[in-house]
Amino acid sequence: MTNRDEPDADLVDRANQGDATAFEGLYRRHRDWVVSVAMRLGADRDDALDILQETFAHLFDQFPGFTLTSQLRTYLYPAVKHRWLDIQRRRRTRVRLIRLISPPPPGPPPDSDRVDGGRLLATLTAEQREVALLRFVDDLPLGEIAAALDVPVGTVKSRLHAAIAAMRAAAAVSEKKVR
Amino acid sequence: MDEHLDSIALDELRRGEGSAAAREHLDSCEPCRAEADSLAGIVQALRDDDDQGRPVVPPEIDRQVLEVARRRAASIRAHGVIHRHRWLRPAVGMAIAAGALLSMRLSFDALPSPGSRAEKASGVAVTAQQTDLDGDGRVTILDAFALARQPASPSSEIEDERKRSVARIADLAVSVERGA
Ligand SMILES: [Zn+2]
(Lines give C-alpha, C1' and ligand atoms only; values in the text may rest on other atoms or scores of the structure.)
Protein backbone atom coordinates (compact mmCIF):
# COMPACT_ATOMS: atom_id res chain seq x y z
CA MET A 1 0.00 0.00 0.00
CA THR A 2 1.12 3.56 -0.59
CA ASN A 3 -0.24 6.69 0.92
CA ARG A 4 0.03 10.13 -0.50
CA ASP A 5 2.24 11.44 2.27
CA GLU A 6 4.81 8.70 2.04
CA PRO A 7 8.10 10.34 1.00
CA ASP A 8 9.67 9.30 -2.30
CA ALA A 9 12.67 8.05 -0.37
CA ASP A 10 10.48 5.52 1.49
CA LEU A 11 8.86 4.37 -1.74
CA VAL A 12 12.31 3.98 -3.25
CA ASP A 13 13.39 1.88 -0.26
CA ARG A 14 10.41 -0.40 -0.66
CA ALA A 15 10.87 -0.63 -4.42
CA ASN A 16 14.45 -1.68 -3.81
CA GLN A 17 13.01 -4.61 -1.87
CA GLY A 18 10.72 -5.60 -4.71
CA ASP A 19 7.47 -4.05 -3.51
CA ALA A 20 5.35 -3.61 -6.63
CA THR A 21 3.00 -1.14 -4.94
CA ALA A 22 5.97 1.13 -4.28
CA PHE A 23 6.85 1.16 -7.98
CA GLU A 24 3.24 1.95 -8.74
CA GLY A 25 3.24 4.70 -6.12
CA LEU A 26 6.26 6.37 -7.72
CA TYR A 27 4.67 6.10 -11.14
CA ARG A 28 1.28 7.51 -10.12
CA ARG A 29 2.88 10.33 -8.20
CA HIS A 30 5.14 11.55 -10.99
CA ARG A 31 3.37 10.38 -14.15
CA ASP A 32 1.54 13.59 -15.03
CA TRP A 33 4.53 15.70 -14.21
CA VAL A 34 6.75 13.70 -16.56
CA VAL A 35 4.19 14.21 -19.34
CA SER A 36 4.06 17.93 -18.54
CA VAL A 37 7.81 18.31 -18.67
CA ALA A 38 8.01 16.48 -22.00
CA MET A 39 5.36 18.76 -23.46
CA ARG A 40 7.03 21.87 -22.12
CA LEU A 41 10.13 20.80 -23.93
CA GLY A 42 8.12 20.63 -27.14
CA ALA A 43 6.99 17.01 -27.37
CA ASP A 44 3.54 16.41 -28.82
CA ARG A 45 1.06 14.10 -27.12
CA ASP A 46 2.32 10.86 -28.64
CA ASP A 47 5.97 11.68 -28.05
CA ALA A 48 5.19 12.72 -24.49
CA LEU A 49 3.50 9.37 -23.84
CA ASP A 50 6.47 7.51 -25.36
CA ILE A 51 8.82 9.53 -23.18
CA LEU A 52 6.66 8.71 -20.17
CA GLN A 53 7.02 4.97 -20.76
CA GLU A 54 10.72 5.13 -21.54
CA THR A 55 11.50 7.32 -18.57
CA PHE A 56 9.83 4.98 -16.12
CA ALA A 57 11.29 1.88 -17.76
CA HIS A 58 14.66 3.52 -17.31
CA LEU A 59 13.87 4.42 -13.72
CA PHE A 60 12.68 0.91 -12.84
CA ASP A 61 15.83 -0.44 -14.42
CA GLN A 62 17.83 1.27 -11.67
CA PHE A 63 16.28 -1.04 -9.06
CA PRO A 64 17.41 -2.71 -6.89
CA GLY A 65 20.22 -0.54 -5.63
CA PHE A 66 18.74 2.84 -6.55
CA THR A 67 19.73 5.58 -4.12
CA LEU A 68 17.84 8.82 -3.97
CA THR A 69 20.19 11.70 -3.22
CA SER A 70 17.65 14.46 -3.94
CA GLN A 71 14.01 14.69 -4.93
CA LEU A 72 12.98 12.10 -7.49
CA ARG A 73 12.01 14.88 -9.90
CA THR A 74 15.55 16.16 -9.83
CA TYR A 75 16.51 12.73 -11.15
CA LEU A 76 13.63 12.47 -13.62
CA TYR A 77 13.99 15.90 -15.22
CA PRO A 78 17.30 15.27 -17.02
CA ALA A 79 16.04 11.77 -17.90
CA VAL A 80 12.99 13.24 -19.67
CA LYS A 81 15.09 15.86 -21.38
CA HIS A 82 17.57 13.27 -22.55
CA ARG A 83 14.79 11.16 -24.05
CA TRP A 84 13.28 14.10 -25.85
CA LEU A 85 16.63 15.07 -27.34
CA ASP A 86 17.10 11.44 -28.30
CA ILE A 87 13.78 11.35 -30.16
CA GLN A 88 14.80 14.44 -32.08
CA ARG A 89 18.21 13.01 -32.85
CA ARG A 90 16.69 9.72 -34.00
CA ARG A 91 14.45 11.47 -36.42
CA ARG A 92 17.29 13.54 -37.76
CA THR A 93 14.86 16.27 -38.51
CA ARG A 94 15.74 19.86 -38.15
CA VAL A 95 15.46 20.58 -34.46
CA ARG A 96 11.80 21.20 -34.09
CA LEU A 97 10.99 24.71 -33.00
CA ILE A 98 9.98 23.72 -29.59
CA ARG A 99 7.93 25.68 -27.24
CA LEU A 100 10.83 25.99 -24.87
CA ILE A 101 13.15 27.50 -27.44
CA SER A 102 10.83 29.26 -29.79
CA PRO A 103 7.71 30.63 -28.18
CA PRO A 104 4.45 30.51 -30.10
CA PRO A 105 3.43 33.83 -31.65
CA PRO A 106 1.31 35.85 -29.28
CA GLY A 107 -2.38 35.16 -29.77
CA PRO A 108 -5.20 37.65 -29.54
CA PRO A 109 -5.22 39.71 -26.37
CA PRO A 110 -7.08 38.07 -23.50
CA ASP A 111 -10.61 39.25 -22.97
CA SER A 112 -10.44 39.11 -19.21
CA ASP A 113 -8.02 40.65 -16.76
CA ARG A 114 -6.62 37.22 -16.01
CA VAL A 115 -2.91 37.00 -16.80
CA ASP A 116 -2.23 34.43 -19.53
CA GLY A 117 0.59 32.07 -18.52
CA GLY A 118 1.41 31.10 -22.08
CA ARG A 119 1.93 34.73 -23.03
CA LEU A 120 4.15 35.31 -20.04
CA LEU A 121 6.29 32.31 -20.95
CA ALA A 122 6.56 33.55 -24.50
CA THR A 123 8.56 36.53 -23.27
CA LEU A 124 11.26 34.33 -21.70
CA THR A 125 14.39 32.72 -23.06
CA ALA A 126 14.55 28.92 -23.03
CA GLU A 127 16.71 28.91 -19.94
CA GLN A 128 14.52 31.37 -18.08
CA ARG A 129 11.42 29.42 -19.00
CA GLU A 130 12.85 26.16 -17.75
CA VAL A 131 13.78 27.68 -14.39
CA ALA A 132 10.49 29.55 -14.01
CA LEU A 133 8.44 26.40 -14.61
CA LEU A 134 10.51 24.25 -12.27
CA ARG A 135 10.21 26.86 -9.58
CA PHE A 136 6.68 28.18 -9.91
CA VAL A 137 4.80 25.21 -11.30
CA ASP A 138 6.82 22.33 -9.88
CA ASP A 139 7.74 24.10 -6.66
CA LEU A 140 11.28 22.77 -6.60
CA PRO A 141 13.80 24.32 -4.20
CA LEU A 142 16.54 26.35 -5.91
CA GLY A 143 19.17 23.74 -5.00
CA GLU A 144 17.12 20.96 -6.62
CA ILE A 145 16.64 23.02 -9.78
CA ALA A 146 20.39 23.57 -9.92
CA ALA A 147 20.93 19.82 -9.59
CA ALA A 148 18.32 18.99 -12.24
CA LEU A 149 19.89 21.42 -14.71
CA ASP A 150 23.44 20.78 -13.62
CA VAL A 151 24.22 24.47 -13.10
CA PRO A 152 25.25 26.45 -9.98
CA VAL A 153 22.53 27.81 -7.68
CA GLY A 154 23.71 31.34 -8.49
CA THR A 155 22.87 30.73 -12.13
CA VAL A 156 19.40 29.51 -11.20
CA LYS A 157 18.85 32.65 -9.12
CA SER A 158 19.93 35.01 -11.87
CA ARG A 159 17.75 33.22 -14.46
CA LEU A 160 14.81 33.30 -12.09
CA HIS A 161 15.37 36.96 -11.33
CA ALA A 162 15.45 37.81 -15.04
CA ALA A 163 12.39 35.62 -15.69
CA ILE A 164 10.35 37.37 -13.01
CA ALA A 165 11.34 40.78 -14.34
CA ALA A 166 10.35 39.84 -17.89
CA MET A 167 7.03 38.33 -16.82
CA ARG A 168 6.22 41.31 -14.62
CA ALA A 169 6.77 43.58 -17.57
CA ALA A 170 4.59 41.40 -19.79
CA ALA A 171 1.86 41.16 -17.16
CA ALA A 172 1.90 44.94 -16.69
CA VAL A 173 1.54 45.47 -20.45
CA SER A 174 -1.42 43.10 -20.73
CA GLU A 175 -3.07 44.69 -17.71
CA LYS A 176 -2.78 48.13 -19.32
CA LYS A 177 -4.27 46.79 -22.56
CA VAL A 178 -7.24 45.43 -20.68
CA ARG A 179 -7.96 48.71 -18.94
CA MET B 1 15.56 46.32 6.66
CA ASP B 2 15.28 49.55 4.69
CA GLU B 3 15.79 48.36 1.12
CA HIS B 4 12.91 46.85 -0.81
CA LEU B 5 12.90 43.10 -1.28
CA ASP B 6 14.24 41.66 -4.51
CA SER B 7 12.28 39.11 -6.51
CA ILE B 8 14.17 36.13 -5.08
CA ALA B 9 13.38 37.25 -1.53
CA LEU B 10 9.73 37.79 -2.44
CA ASP B 11 9.63 34.33 -3.97
CA GLU B 12 11.04 32.80 -0.80
CA LEU B 13 8.39 34.56 1.28
CA ARG B 14 5.73 33.28 -1.12
CA ARG B 15 6.90 29.77 -0.29
CA GLY B 16 6.83 30.47 3.44
CA GLU B 17 10.61 30.68 3.54
CA GLY B 18 12.85 33.71 3.96
CA SER B 19 14.04 35.62 7.02
CA ALA B 20 11.92 37.17 9.76
CA ALA B 21 13.32 40.57 8.80
CA ALA B 22 12.16 40.12 5.22
CA ARG B 23 8.70 39.08 6.40
CA GLU B 24 8.53 42.11 8.64
CA HIS B 25 9.49 44.37 5.77
CA LEU B 26 6.87 42.86 3.53
CA ASP B 27 4.18 43.35 6.15
CA SER B 28 4.95 47.04 6.48
CA CYS B 29 5.84 47.99 2.89
CA GLU B 30 3.09 48.77 0.42
CA PRO B 31 5.24 48.63 -2.78
CA CYS B 32 6.73 45.25 -1.81
CA ARG B 33 3.26 43.88 -1.07
CA ALA B 34 2.14 44.96 -4.52
CA GLU B 35 5.16 43.19 -6.01
CA ALA B 36 4.37 40.08 -3.99
CA ASP B 37 0.77 40.13 -5.24
CA SER B 38 1.88 40.46 -8.83
CA LEU B 39 4.30 37.55 -8.38
CA ALA B 40 1.49 35.44 -6.94
CA GLY B 41 -0.62 36.27 -10.01
CA ILE B 42 2.21 35.23 -12.32
CA VAL B 43 2.68 31.93 -10.49
CA GLN B 44 -1.03 31.18 -10.70
CA ALA B 45 -1.11 31.99 -14.40
CA LEU B 46 1.81 29.64 -15.10
CA ARG B 47 0.14 26.84 -13.15
CA ASP B 48 -3.17 27.26 -14.95
CA ASP B 49 -1.38 27.21 -18.28
CA ASP B 50 0.56 24.07 -17.40
CA ASP B 51 -2.58 22.21 -16.39
CA GLN B 52 -4.43 23.11 -19.57
CA GLY B 53 -2.37 21.44 -22.27
CA ARG B 54 -1.62 18.16 -20.56
CA PRO B 55 -3.22 15.07 -22.09
CA VAL B 56 -4.88 12.43 -20.00
CA VAL B 57 -2.65 9.35 -19.90
CA PRO B 58 -4.59 6.44 -21.45
CA PRO B 59 -5.14 3.44 -19.14
CA GLU B 60 -3.33 1.28 -21.68
CA ILE B 61 -0.10 3.20 -21.06
CA ASP B 62 -0.58 2.87 -17.30
CA ARG B 63 -1.08 -0.83 -17.74
CA GLN B 64 2.10 -1.24 -19.78
CA VAL B 65 4.26 0.76 -17.40
CA LEU B 66 2.87 -1.03 -14.36
CA GLU B 67 3.46 -4.39 -16.03
CA VAL B 68 7.14 -3.48 -16.36
CA ALA B 69 7.09 -2.46 -12.69
CA ARG B 70 5.46 -5.71 -11.62
CA ARG B 71 8.03 -7.76 -13.51
CA ARG B 72 10.86 -5.81 -12.03
CA ALA B 73 9.45 -6.15 -8.52
CA ALA B 74 8.94 -9.88 -9.01
CA SER B 75 12.53 -10.31 -10.16
CA ILE B 76 13.83 -8.41 -7.16
CA ARG B 77 11.73 -10.47 -4.77
CA ALA B 78 12.81 -13.70 -6.38
CA HIS B 79 16.48 -12.98 -6.45
CA GLY B 80 17.30 -9.81 -4.53
CA VAL B 81 19.82 -8.57 -7.04
CA ILE B 82 19.47 -8.89 -10.77
CA HIS B 83 22.66 -9.54 -12.65
CA ARG B 84 22.12 -7.47 -15.72
CA HIS B 85 24.67 -6.86 -18.36
CA ARG B 86 24.74 -3.17 -17.67
CA TRP B 87 28.25 -2.80 -18.95
CA LEU B 88 27.33 -4.00 -22.40
CA ARG B 89 26.60 -1.54 -25.14
CA PRO B 90 23.08 -2.02 -26.54
CA ALA B 91 24.27 -3.49 -29.85
CA VAL B 92 26.35 -6.10 -28.06
CA GLY B 93 23.50 -6.84 -25.67
CA MET B 94 21.14 -7.26 -28.60
CA ALA B 95 23.49 -9.71 -30.30
CA ILE B 96 23.77 -11.73 -27.11
CA ALA B 97 20.02 -11.79 -26.62
CA ALA B 98 19.57 -12.90 -30.20
CA GLY B 99 22.17 -15.61 -29.65
CA ALA B 100 20.45 -16.73 -26.48
CA LEU B 101 17.09 -16.86 -28.19
CA LEU B 102 18.49 -18.82 -31.11
CA SER B 103 20.17 -21.30 -28.78
CA MET B 104 16.98 -21.77 -26.85
CA ARG B 105 14.99 -22.39 -30.02
CA LEU B 106 17.47 -25.04 -30.99
CA SER B 107 17.47 -26.47 -27.53
CA PHE B 108 13.74 -27.11 -27.55
CA ASP B 109 14.33 -29.63 -30.31
CA ALA B 110 17.43 -31.24 -28.84
CA LEU B 111 17.39 -30.80 -25.11
CA PRO B 112 20.74 -29.29 -24.30
CA SER B 113 23.13 -30.06 -21.52
CA PRO B 114 24.29 -27.29 -19.21
CA GLY B 115 26.91 -25.15 -20.87
CA SER B 116 25.04 -24.45 -24.10
CA ARG B 117 25.80 -21.39 -26.18
CA ALA B 118 22.91 -19.56 -24.53
CA GLU B 119 24.43 -19.98 -21.13
CA LYS B 120 27.87 -18.93 -22.19
CA ALA B 121 26.57 -16.00 -24.18
CA SER B 122 24.19 -14.58 -21.64
CA GLY B 123 25.72 -15.84 -18.43
CA VAL B 124 22.35 -17.36 -17.55
CA ALA B 125 22.60 -21.01 -16.67
CA VAL B 126 19.27 -22.42 -17.74
CA THR B 127 18.16 -25.44 -19.71
CA ALA B 128 15.17 -25.83 -21.95
CA GLN B 129 13.21 -27.79 -19.36
CA GLN B 130 13.87 -25.16 -16.77
CA THR B 131 12.96 -22.20 -18.94
CA ASP B 132 9.93 -23.07 -21.03
CA LEU B 133 7.85 -24.41 -18.19
CA ASP B 134 4.46 -23.77 -19.70
CA GLY B 135 5.63 -25.44 -22.91
CA ASP B 136 4.48 -22.71 -25.27
CA GLY B 137 7.79 -22.73 -27.11
CA ARG B 138 8.85 -19.35 -25.76
CA VAL B 139 10.61 -18.17 -22.65
CA THR B 140 8.41 -15.54 -21.09
CA ILE B 141 7.81 -14.10 -17.67
CA LEU B 142 4.96 -16.61 -17.32
CA ASP B 143 7.54 -19.38 -17.11
CA ALA B 144 9.13 -17.67 -14.13
CA PHE B 145 5.72 -17.37 -12.50
CA ALA B 146 5.00 -21.03 -13.24
CA LEU B 147 8.19 -22.08 -11.46
CA ALA B 148 7.55 -19.71 -8.57
CA ARG B 149 4.07 -21.20 -8.07
CA GLN B 150 5.23 -24.81 -7.90
CA PRO B 151 4.76 -26.48 -4.49
CA ALA B 152 7.57 -25.72 -2.07
CA SER B 153 10.16 -28.37 -1.36
CA PRO B 154 11.11 -29.21 2.24
CA SER B 155 14.75 -28.99 1.20
CA SER B 156 16.10 -25.48 1.66
CA GLU B 157 18.77 -26.22 -0.92
CA ILE B 158 16.18 -27.01 -3.56
CA GLU B 159 14.16 -23.98 -2.52
CA ASP B 160 17.18 -21.71 -2.89
CA GLU B 161 17.96 -23.15 -6.29
CA ARG B 162 14.36 -22.67 -7.32
CA LYS B 163 14.42 -19.01 -6.29
CA ARG B 164 17.59 -18.48 -8.24
CA SER B 165 16.08 -20.14 -11.29
CA VAL B 166 12.92 -18.02 -11.10
CA ALA B 167 15.10 -14.93 -11.13
CA ARG B 168 17.24 -16.20 -13.99
CA ILE B 169 14.23 -17.04 -16.12
CA ALA B 170 12.56 -13.73 -15.34
CA ASP B 171 15.74 -11.90 -16.16
CA LEU B 172 16.23 -13.79 -19.38
CA ALA B 173 12.61 -13.31 -20.44
CA VAL B 174 12.81 -9.59 -19.78
CA SER B 175 16.08 -9.13 -21.63
CA VAL B 176 14.97 -11.19 -24.60
CA GLU B 177 11.70 -9.31 -24.79
CA ARG B 178 13.46 -5.96 -24.62
CA GLY B 179 16.05 -7.02 -27.14
CA ALA B 180 18.85 -5.96 -24.83
ZN1 LIG C 1 9.64 47.35 0.31
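Other chains near A:52-64: what is the mean number of their Cβ atoms within 10 Å of each residue's Cβ?
The shielding value for this peptide is 5.
Using a Förster distance of 51 angstrom, determine the FRET efficiency expected from the C-beta separation of B:His4 and A:Asp10, and round it to 0.05.
Numbers: r = 42 Å, r/R0 = 0.82.
The formula returns an efficiency of 0.75 here.
7 Å from Cα along Cα→Cβ at both B:Gln52 and A:Arg90: what's the point-to-point distance in nm?
3.1 nm
Fully extended, how many nm does the chain gain between B:Arg63 and B:Ala40 (0.36 nm per residue separation, minus their Cα-Cα distance)?
4.5 nm
Sort the following peptides by mean Cβ neighbour count (other Cβ atoms within 10 Å, averaged over residues), highest first: B:4-15, A:159-170.
Working: B:4-15: 17.8, A:159-170: 20.0.
Highest mean packing first, the order is A:159-170, B:4-15.
With a 1.4 Å probe on protein heavy atoms only, work out how much accessible surface B and A bury together, total over both chains, in Å² to the nearest 100.
Values: alone 12260 and 10570 Å², together 18920 Å².
Interface area, both chains combined: 3900 Å², rounded to the nearest 100.
Other chains' Cβ within 10 Å of B:49-59 residues: what's the mean?
6
Hey, can you rank B:28-36, A:129-137, A:7-15, B:55-63 by average C-beta count inside 10 Å, highest first?
A:129-137, A:7-15, B:28-36, B:55-63
When the accessible area of the range A:46-96 is computed with all protein chains present and a 1.4 Å probe, what percentage of it is carbon and sulfur?
Ligands and nucleic acids excluded, carbon and sulfur reach 48 percent.
For the range B:68-74, just list the computed ³J(HN,Hα) in residue order, Karplus coefficients 6.51, -1.76 and 1.60, θ = phi - 60°, integers in Hz, with x standing in for Gly and Pro.
For the range B:68-74, the Karplus curve yields 4, 5, 4, 5, 4, 4, 5 Hz.
The values are calculated or read from the model by the stated rules, or taken from the named source; none is laboratory data. For clarity, every value in this text was computed on a predicted model and none was experimentally measured. Neighbour counts run over all protein chains shown; Cβ positions are idealised from the backbone, glycine included. These area figures cover heavy atoms from the full protein model, side chains too; ligands, DNA and RNA do not enter into them. Shrake-Rupley method; radii C 1.70, N 1.55, O 1.52, S 1.80 Å.
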